[in-house]
Amino acid sequence: MIESMLAALPIATSALLSRRELQHRTDSKFLLDRSMLDTLITELGDHYAALRAGEHAIATYNNLYFDTPDLRCFHDHRRGRRLRRKVRIRHYPDRQLSFLEVKTKRGDVTDKRRRAIEYRRETLDDVDLQFLAEHAAGLELTPSLRIDYRRITLVHLREEERLTIDLGLVAARSDAQVAFESAVVVELKRPPHSRVATPAFDALSKLRERALSKYCWAMCRLQPQLRHNRLLPTLRGLP
């Protein structure tokens, strides 16, 4: 059903995507039950183009997250630090591409930096380490956990806005795995301080915005002994 709805939308061209990269942006995140997804897509109308993943409109994302031995990235987020980072290697199986990425959050603004690496490589070479020294200074990083999911990406045809919809989340460490089968994470990406009323903005404004982090969710479920009181309201809201 969802695939057929997305197939009716225009295809996001490479030119349109380049105008909607939004590497410097604000992120608004929302949590939905999967049963609500058809309604959301219907409310968006024909104002958006869908990014294709081969012949499909739902792409596969594989992520390997890094953290320090004392989990500084996790704790910075759960404490609400205004400056915090997430570091990961992201694989795009549909396109056979991989990137090393650093997301830096300063208050409400997200800055994302990434560099292409060999597909499926997960060891860090000297160039990777230099990249991390520039964008994640002071963090001694090791692999922490994996998170896989499927993503729908919708791009506004006229406004500078991108919407991502993540579903089928599965997180794993070496000794455990957890699946968020019904949870859908929706993220609205816009330029800082944008107030344009778009269909996505109007539809999502009816919902409660949440301080979401798939990485923190997974860490809390896989290591419940970690302190996470600030995250409890969101964790309780997981469908």
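The values are calculated or read from the model by the stated rules, or taken from the named source; none is laboratory data. Keep in mind that what you see is a predicted model, and the values were worked out from it rather than measured. Glycine also receives a Cβ, built like all others from the backbone with ideal geometry; neighbour counts cover every protein chain displayed. We work out accessible area using only protein heavy atoms, side chains counted, and drop any ligands, DNA or RNA first. Shrake-Rupley method; radii C 1.70, N 1.55, O 1.52, S 1.80 Å.
Could you tell me the calculated FRET efficiency between V178 and S14, based on Cβ-Cβ distance and R0 = 41 angstrom, to the nearest 0.05? Provide the component values of the computation, followed by the final result.
Values: r = 36 Å, r/R0 = 0.87.
In this case the efficiency is close to 0.70.
At 1.4 Å probe size, with no ligands or nucleic acids counted, give the accessible surface of K105 in Å², nearest ten.
Taking all protein chains as shown, K105 has close to 40 Å².
Compute the Cα gyration tensor for segment 97-141, then decide on rounded, prolate or oblate, letting a ≥ b ≥ c be the square roots of its eigenvalues: rounded whenever a/c is under 1.5, prolate when a/b is larger than b/c in the other cases, and oblate in all that remain. The partial results should precede the final answer.
Numbers: a/c = 2.72, a/b = 1.50, b/c = 1.81.
Because a/c hits 1.5 or more and a/b fails to exceed b/c, segment 97-141 counts as oblate.
Which value, in debye to the nearest 20, gives the size of the charge dipole of the chain about its Cα centre, when Lys and Arg are +1 and Asp and Glu are -1 at the Cβ?
Working: 43 positive and 32 negative charges, 177 e Å.
Around 840 debye, computed over the chain.
Note down, for segment 38-80, the three equivalent ellipsoid semi-axes (square root of 5 times each alpha carbon gyration tensor eigenvalue), biggest first, whole angstrom.
Working: eigenvalues 249, 59, 11 Å².
For segment 38-80, the semi-axes come out at 35, 17, 7 Å.
Could you work out the Kirkwood radius for segment 185-231, taking every pair of different alpha carbons, averaging 1/r and inverting it, reported in Å?
Result for segment 185-231 stands at 13.1 Å.
Along each of its three principal axes, how wide is the spread of alpha-carbon positions in segment 1-94, in whole angstrom units, largest first?
Here the Cα extents, ordered largest to smallest, are 47, 27, 23 Å.
If you stretched the chain out fully between R150 and D126, how much longer would it get, using 0.36 nm times the residue separation minus the C-alpha to C-alpha distance? Don't skip to the end; give the middle numbers.
Values: separation 24, 0.36 × 24 = 8.64 nm, distance 3.11 nm.
Between R150 and D126, full extension yields an extra 5.5 nm.
What shape does segment 66-166 have by the C-alpha gyration tensor, where a ≥ b ≥ c are the square roots of the eigenvalues, rounded means a/c under 1.5, and otherwise prolate means a/b greater than b/c and oblate the rest?
On the way: a/c = 1.72, a/b = 1.18, b/c = 1.46.
Here segment 66-166 falls in the oblate category.
Among A218, F180, S4, pick out the residue whose Cα is farthest towards the positive end of the charge dipole of the chain, where Lys and Arg carry +1 and Asp and Glu carry -1 on C-beta, about the Cα centre.
The residue sitting most towards the positive pole is A218.
Whole-Hz Karplus ³J(HN,Hα) for segment 9-17, in order, using 6.51 cos²θ - 1.76 cosθ + 1.60 and θ = phi - 60°, x for Gly and Pro?
Coupling constants for segment 9-17: 7, x, 8, 6, 7, 4, 5, 5, 4 Hz.
Taking 0.36 nm per residue of separation and subtracting the Cα-Cα distance, what length does fully extending E134 through R230 add?
Values: separation 96, 0.36 × 96 = 34.56 nm, distance 3.02 nm.
Result: 31.5 nm gained on full extension.
Taking only the C-alpha atoms, wrap a convex hull around the chain and report its volume per residue in Å³ as a whole number. Write down the numbers at each step before the final one.
On the way: hull volume 30.3 nm³, N = 239.
For the chain, the hull spanned by Cα atoms encloses 127 Å³ per residue.
Assuming 0.36 nm per residue, please report the length gained on full extension of the stretch V196 to L157 beyond their Cα-Cα distance. Present the calculation step by step, with values, prior to reporting the outcome.
Working: separation 39, 0.36 × 39 = 14.04 nm, distance 1.36 nm.
Between V196 and L157, full extension yields an extra 12.7 nm.
Does segment 124-239 classify as rounded, prolate or oblate by the C-alpha gyration tensor (a ≥ b ≥ c root eigenvalues; a/c under 1.5 gives rounded; else a/b over b/c gives prolate, otherwise oblate)?
On the way: a/c = 1.96, a/b = 1.26, b/c = 1.55.
The shape class here is oblate.
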